[in-house]
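Reading through the structure tokens given below for one structure.
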Amino acid sequence: MDIIIDTIKDTFLIIPILFIMYLCLEYFEHKNISQSMTKYLTRYGPLIGAILGIIPQCGFGVLASLLFINKRISLGTLISVFIATSDEAIPILLTNPQLYTSLLGIILTKFILAIIVGYLVDILLKPQTVTHQQLSHEHCHEHSIAIEAMIRTFKIYTFIFLVNIVLSTAIEIIGPKTLSYILLDKSIIQPIVSAIFGFIPNCAASVILTQLHVNGILSFASLLAGLITNAGLGILVLLQNRIDIKTLIRICTILLLSALIVGLPLQWFFLY
């Protein structure tokens with residue numbers, strides 16, 4: 001019951017974000033006037049994505065994934081949102097005044113890195129969007145725009161809610177002590193393990209990483225690496241919409257490399 005309640009608290013704010021986003025998409029699909037907006041988001045997307053990503057709300061990762069799936073933003077913009085987002089890490093660090101230096105370092109580093117990597121991805125790979133088995137805009141508009149938006153919101157939220165319960169239960173069973181051993185306390189390769197752990201598509205992942213840092217088990221470099229790869233529910237939405245496996249691997253590879261390029265040198269510096 002506690003897991004269900006916590007899952008509701010972590011995800012219920014996503015509902016209005018999803019509904020508004022789907023409402024806009026439905027309107028654009030009916031009116032077919034989104035081409036100019038798509039060009040605008042392609043040009044300034046990584047910067048906008050980095051700004052939205054630093055807001056401590058996992059809903060923006062979901063929003064970015066859905067816009068990417070619907071061919072409204074570029075891959076670089078999606079990456080910038082994923083890198084910049086920190087989900088629950090910021091509120092937890094705010095409650096620990098002794099860690100305000102870590103908080104400022106995480107926000108600034110992730111924000112700058114998100115912009116740089118986002119634009120590099122768009123420059124090197126050229127602005128492109130995902131191809132997947134079923135494009136969400138290829139459906140018949142049998143109902144009003146609002147009803148269509150509500151249906152699509154309900155479908156995606158139900159999937160997110162159920163998967164979060166499963167993942168939260170698994171993390172609860174493993175326990176914090178086991179996780180501290182898995183994350184190799186005070187090891188030079190801790191950022192690697194932390195970055196891999198960050199790929200868990202659940203808001204609880206950022207909570208665990210941050211709490212381990214508060215308790216002195218996880219270094220700043222490892223926390224930063226884990227939060228760079230932790231796109232929250234964004235990866236989950238990509239999986240739910242059956243994204244092309246090559247695109248998913250490309251996204252995860254870019255996130256992992258970004259995390260390690262920053263995390264490993266910092267870990268070496270603080271240890272030696």
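Here are the numbers for the structure shown:
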{"item": "Built amide H within the under 5 Å cut-off of residue 73, gap 5+", "result": "68"}
{"item": "87, 122, 2 arranged by Cβ crowding within 10 Å, fewest neighbours leading", "result": "2, 122, 87"}
{"item": "Compactness of region 198-272 - radius of gyration and Dmax, Cα, Å", "result": "13.6, 44"}
{"item": "Simple label model, 7 Å out from Cα along Cβ direction - residue 146 to residue 47, nm", "result": "3.7"}
{"item": "Residue 187-residue 100 pseudo-label distance in nm [points 7 Å out on the Cα-to-Cβ vector]", "result": "3.5"}
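Rule-based calculations on the coordinates, nothing more; no lab input. Owing to the predicted nature of the structure, the values given are computational and were not obtained by experimental measurement. Every residue, glycine among them, receives a Cβ derived from its backbone with ideal geometry; neighbour counts consider all protein chains shown.
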